[in-house]
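> After the structure tokens below, expect a handful of questions from me.
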Amino acid sequence: MEIVERRNLQNNQLVLNQTENSWWFILAGGKILVSHMSCAIPFGSLQELPFPDILPESVLPIGEYDASPCYLVDLGQEEQDMGMGEFRPLRYLLSRTDESLFNMAGRAVQIANFLDTHRFCGRCGNTMTHIDWELALKCYDCGHRCYPRISPCIIVAIRKDKRILLANHVRHNQPGNEIFTTLAGFVEAGETLEQCVQREVFEEAGIKVKNISYVKSQPWPFPHSLMMGFVADYDSGDIHIDPNELQAADWFSFDQLPLLPPEGTLARALIEKIRHRCR
């Protein structure tokens, strides 16, 4: 069976092995297909999976997971009945898959977003063309080349004695289901990560921090962030929230925590890191 891989104006053909087991990241309308099978992401060969007779025109290899190839299938904005699951927001996969598989799903979403938002050259307006040897788009009229956008962000958990600073962000303010989490923000041009931590904490909560320590990072495809996680200690100041960013913020002891972000998020990992330090 032959599948056409759409590369803008090019019509290269991608020939897939019908019997090779692969991971299928199928997107439509900003959602991802979640399988009814044992694994949330559809896995199997073209012969085994109930694909419709007319396969989507956009199929792109995006890497490997667990020694099997991964393919992005972008259906555009209209969902189709694939006969093997239902379309869900990407966040649905948090804690329902392991971290590596979730990151691959995020990679699929980010690549689809990149291809959709860079169809035309930002310099001259002509059509962009997919480059075969790397994940990039190039305008062959003016030579402008684009790569998937990655937006660096910091996220920080702050300790004061045996308490942790948690905030209800405006975007998380769902009455009756208010999630309290750590502080975060985007890195500005010319700014180090540590400077960003200090600035974001002061802007959002009005306090100063010290002993800033890097913990780990997490790709966060909403839509194209790379979160870099830190922990820090309270230094000085009283909490004064930025109402444009936060609905509420306070110091919480670990025996009286509010509703926290789910397992699988970097925010939750940082909270657990502070919990361990406070024992």
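The values are calculated or read from the model by the stated rules, or taken from the named source; none is laboratory data. Predicted model only: the values in this text are computed from it and were never measured. Cβ coordinates were reconstructed from backbone atoms using ideal geometry, including for glycine residues, and neighbour counts include every protein chain displayed. Ligands, DNA and RNA are stripped out before the accessible areas are found, and what is left, the full protein with its side chains, is counted by its heavy atoms. Shrake-Rupley method; radii C 1.70, N 1.55, O 1.52, S 1.80 Å.
> Does the range 17-112 come out rounded, prolate or oblate by the C-alpha gyration tensor, with a ≥ b ≥ c the root eigenvalues, rounded set by a/c under 1.5 and, if not, prolate when a/b is larger than b/c and oblate if not? Write out the running numbers ahead of the final one.
Values: a/c = 1.31, a/b = 1.08, b/c = 1.22.
The shape class here is rounded.
> Something else now. Which angle from 0 to 90°, rounded to the nearest 10, does the C-alpha axis of helix 266-277 make with the longest principal axis of the chain?
Helix 266-277 sits roughly 40 degrees off the main axis of the chain.
> May I ask for the angle, rounded to the nearest 10°, between helix 99-117 and the longest principal axis of the chain, with both axes built from Cα atoms and the value confined to 0 to 90°?
For helix 99-117, the angle is close to 70 degrees.
> ALA248 to ARG119: FRET efficiency via 1/(1 + (r/R0)^6), r the Cβ-Cβ distance, R0 45 Å, to the nearest 0.05?
Numbers: r = 42 Å, r/R0 = 0.92.
Approximately 0.60, to the nearest 0.05.
> How big is the antiparallel share of DSSP beta bridges in the range 151-277, given as a percent to the nearest 5? Spell out each step's value before the answer.
Working: 24 of 34 bridges.
Of the beta bridges lying entirely in the range 151-277, close to 70 percent run antiparallel.
> Could you order the peptides 29-35, 80-86 from most to least packed, using the average number of other C-beta atoms within 10 Å per residue? All intermediate terms of the calculation are to be shown ahead of the outcome.
Working: 29-35: 18.0, 80-86: 14.6.
Top of the packing list down: 29-35, 80-86.
> Quick check: the angle from helix 193-205's long axis to the longest principal axis of the chain, C-alpha only, nearest 10 degrees?
Compared with the principal axis, the helix lies near 60 degrees.
> How charged is the neighbourhood of GLN247? Take every other residue with its Cβ under 13 Å from the Cβ of GLN247, and add Lys/Arg as +1 and Asp/Glu as -1. Before the final figure, lay out each step's value.
Numbers: positive: ARG171; negative: GLU178, GLU204, ASP242, GLU245, ASP250.
Here the charged neighbours net out to -4.
> Pull out the extension gain between CYS142 and GLN77, defined as 0.36 nm times the separation in residues minus the alpha carbon to alpha carbon distance; nm, one decimal. Display every interim value, and only then the final one.
Working: separation 65, 0.36 × 65 = 23.40 nm, distance 3.02 nm.
Full extension from CYS142 to GLN77 adds 20.4 nm.
> Let me ask something else about it. Which percent of the Cα-Cα distances in the chain go past 25 Å?
Working: 21263 of 38781 pairs.
Tail fraction, whole percent: 55.
> Take the solvent-accessible surface of the protein heavy atoms, probe 1.4 Å, and return the percent of it on the chain that carbon and sulfur atoms account for. List each step's numbers first, then the result.
Values: 6720 of 14590 Å².
So the carbon and sulfur contribution to the accessible surface is 46 percent.
> On to the next question. Per residue, how much accessible area does the chain show when a 1.4 Å probe rolls over the protein heavy atoms, in square angstrom?
Numbers: 14590 Å² over 279 residues.
Normalised by residue count, the accessible surface of the chain is 52 Å².
> Assign one of three labels to the range 151-277, namely rounded, prolate or oblate, based on the Cα gyration tensor with a ≥ b ≥ c the square roots of its eigenvalues; rounded applies when a/c is under 1.5, prolate when it is not and a/b is larger than b/c, and oblate otherwise.
Values: a/c = 1.24, a/b = 1.12, b/c = 1.11.
The shape class here is rounded.
> Per-residue ellipticity at 222 nm for the chain, helices alone: DSSP H runs ≥ 4 residues times -39500 (n - 2.57), over residue total, nearest 500 deg cm²/dmol?
Numbers: 3 runs with 44 residues, N = 279.
That comes out to -5000 deg cm²/dmol.
> Tabulate in residue order the Karplus-calculated ³J(HN,Hα) for the range 25-37, using 6.51 cos²θ - 1.76 cosθ + 1.60 with θ = phi - 60°, rounded to whole Hz; enter x for Gly and Pro.
9, 9, 10, 7, x, x, 10, 10, 6, 9, 6, 7, 6
> Next question. With a cut-off of 8 Å between alpha carbons and a minimum separation of six or more residues, what is the relative contact order of the chain in percent? Can you show the working numbers first?
On the way: 552 pairs, mean separation 43.2, N = 279.
It comes to 15 percent, rounded to a whole number.
> Between LYS208 and HIS172, what is the spin-label point distance in nm, taking each point 7 Å from the Cα along the Cα→C-beta axis?
2.7 nm
> Select from ASN113, ASN17, ASN177 the residue whose mean-square fluctuation is largest in a Gaussian network model of the chain (Cα-Cα springs shorter than 10 Å).
ASN177
> Further, regarding this structure: Residue by residue through the range 134-150, which ³J(HN,Hα) values in whole Hz follow from phi under the Karplus form 6.51 cos²θ - 1.76 cosθ + 1.60 (θ = phi - 60°), with glycine and proline marked x?
Each residue of the range 134-150 in turn: 7, 7, 7, 10, 9, 8, 7, 7, 10, x, 5, 10, 10, 10, x, 6, 10 Hz.
> Cα centroid distance between the range 155-205 and the range 210-279, in Å?
6 Å
> Another question about this same structure. If you count the DSSP beta bridges with both ends in the chain, what percent of them are antiparallel, to the nearest 5?
Details: 47 of 62 bridges.
Percent antiparallel among DSSP bridges in the chain is about 75.
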